[in-house]
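Encoded as structure tokens, the structure appears first; notes follow it.
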Amino acid sequence: MAPTPSRNTSTRVHVVSDVHGNARDLATAGEGADALICLGDLVLFLDYADHSRGIFPDLFGLANADRIVALRTARRFDEAREFGARLWAGVDGDRRELIEGAVRKQYAELFAAFPTPTYATYGNVDVPPLWPEYARPGTTVLDGERVEIGGRVFGFVGGGLRTPMRTPYEISDEEYAAKIEAVGEVDVLCTHIPPQVPELVYDTVARRFERGSRALLDAIRRTRPRYALFGHVHQPLVRRMRVGATECVNVGHFASTGRPWALEW
């Protein structure tokens, strides 16, 4: 990857989100760009398109993965948690240690695939306390922070809001709003979850509304960044739309497409 150019030359940035274990394509995602941006969800716990992939089926097998996906898709979250608890009760060893070991294995491979420079924030299924162990020189982790790339200011807010799914990095609406406020006015606002706009948060395959952020939507309307970039919703009803002066873009489900979204100026 070439060095970041000066303000008098053109800049190209590639953006990915929802990597979910796709280290192979991640290794080439920065080709032809001056920087790579990753909007989180590196870990693959369970692939809803291929139930044989991820930490869950590795531990419990395909049939049990099929069952828990069916329960979650039907929004029978209490039953899904009870089913998961029964499965864990039959496992030898500490649950937290088993999951952490599997996550560490994925992080080692994924962080090694990041090109230089990479700017990354957390997704809702990520485990932030582990990132400092794997982020090499050339990878900058940002959450509620800003950075300048090619003369434009990029703000980053990671994580998701609380849901019945109880994924690892879900935070309160108040904590999320505070991070949005800390970022302030930027040219490009980078988050894992979308603003709370029905067309942007509805997943057409899961047939449900995912959680977006009202505080993010308010900030977009108030500060008017050029772009708001995000992921999280794998099959959105609308991938791109304007909110006032801002182009809101779901950069895509990288785990399945293997293709980054490009921004050039």
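The values are calculated or read from the model by the stated rules, or taken from the named source; none is laboratory data. These numbers come from a predicted model, not from an experiment. Quick reminder, even Gly has a Cβ in these numbers, built from the backbone with ideal geometry, and neighbours come from all protein chains shown. Surface areas here come from the heavy atoms of the whole protein model, side chains and all, with no ligands, DNA or RNA. Shrake-Rupley method; radii C 1.70, N 1.55, O 1.52, S 1.80 Å.
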Inset, instruction - Considering only residues that are charged (D, E, K, R) and outside any helix (DSSP H, G or I), look in the stretch 41-72 and name the one that is least open to solvent (accessible area, probe 1.4 Å). - result: Asp41
Inset, instruction - Provide a single number: the residues in the stretch 73-83 that are open to solvent by less than 50 Å² (accessible area, probe 1.4 Å) and either at pLDDT below 90 or over 16 Å from Thr163 (Cβ atoms) (or both). - result: 2
Legend entry - Sole exception among (1) assigned to a helix (DSSP H, G or I); (2) at pLDDT 90 or above; (3) buried (at least 19 other Cβ atoms within 10 Å of the Cβ); (4) of a type outside the set (Asp, Glu) for Leu87, by number: (3)
Inset, instruction - Select from the stretch 234-265 the residues that are touching a helix residue (DSSP H, G or I) at 6+ places or on another chain (Cβ under 6 Å) and in a loop (DSSP other than H, G, I, E, B) and write down the one among them that is farthest from Arg12 (Cα to Cα). - result: Leu237
Inset, instruction - Could you tell me whether Glu148 is open to solvent by 40 Å² or more (accessible area, probe 1.4 Å) and more than 28 Å from Ala85 (Cβ to Cβ)? - result: yes
Inset, instruction - Could you check Pro225 against (1) within 15 Å of the chain's Cα centre (by Cα); (2) in a loop (DSSP other than H, G, I, E, B); (3) surrounded by 23 or more Cβ atoms within 10 Å (Cβ to Cβ) and say which number it fails? - result: (1)
Inset, instruction - Determine whether Gly93 is exposed (fewer than 13 other Cβ atoms within 10 Å of the Cβ) and either more than 24 Å from Pro128 (Cα to Cα) or over 24 Å from the mean Cα position of the chain (by Cα) (or both). - result: yes
Inset, instruction - Return a yes/no flag: does the stretch 1-10 have any residue that is in a helix (DSSP H, G or I), surrounded by fewer than 19 Cβ atoms within 10 Å (Cβ to Cβ) and in contact (Cβ under 8 Å) with a residue 12 or more places away in the chain. - result: no
Inset, instruction - Scan the stretch 151-166 for residues that are closer than 23 Å to Ala85 by Cβ and surrounded by fewer than 24 Cβ atoms within 10 Å (Cβ to Cβ) and report the count. - result: 5
Inset, instruction - Please go through the stretch 203-222 and pick out each residue that is assigned to a strand (DSSP E or B), open to solvent by less than 30 Å² (accessible area, probe 1.4 Å) and in contact (Cβ under 8 Å) with a residue 40 or more places away in the chain. - result: Ser213
Inset, instruction - Examine the stretch 238-249 for a residue that is within 23 Å of Lys179 (Cβ to Cβ), crowded, with 22+ Cβ neighbours inside 10 Å, without any contact (Cβ under 8 Å) to a residue 60 or more places away in the chain and touching a strand residue (DSSP E or B) at 6+ places or on another chain (Cβ under 7 Å), and state whether such a residue exists. - result: yes
Inset, instruction - Please verify whether the stretch 118-131 includes one or more residues that are more than 18 Å from the chain's Cα centre (by Cα) and among the polar types (S, T, N, Q). - result: no
Inset, instruction - Would you check if there is a residue in the stretch 21-34 being hydrophobic (A, V, I, L, M, F, W, C) and open to solvent by 30 Å² or more (accessible area, probe 1.4 Å)? - result: yes
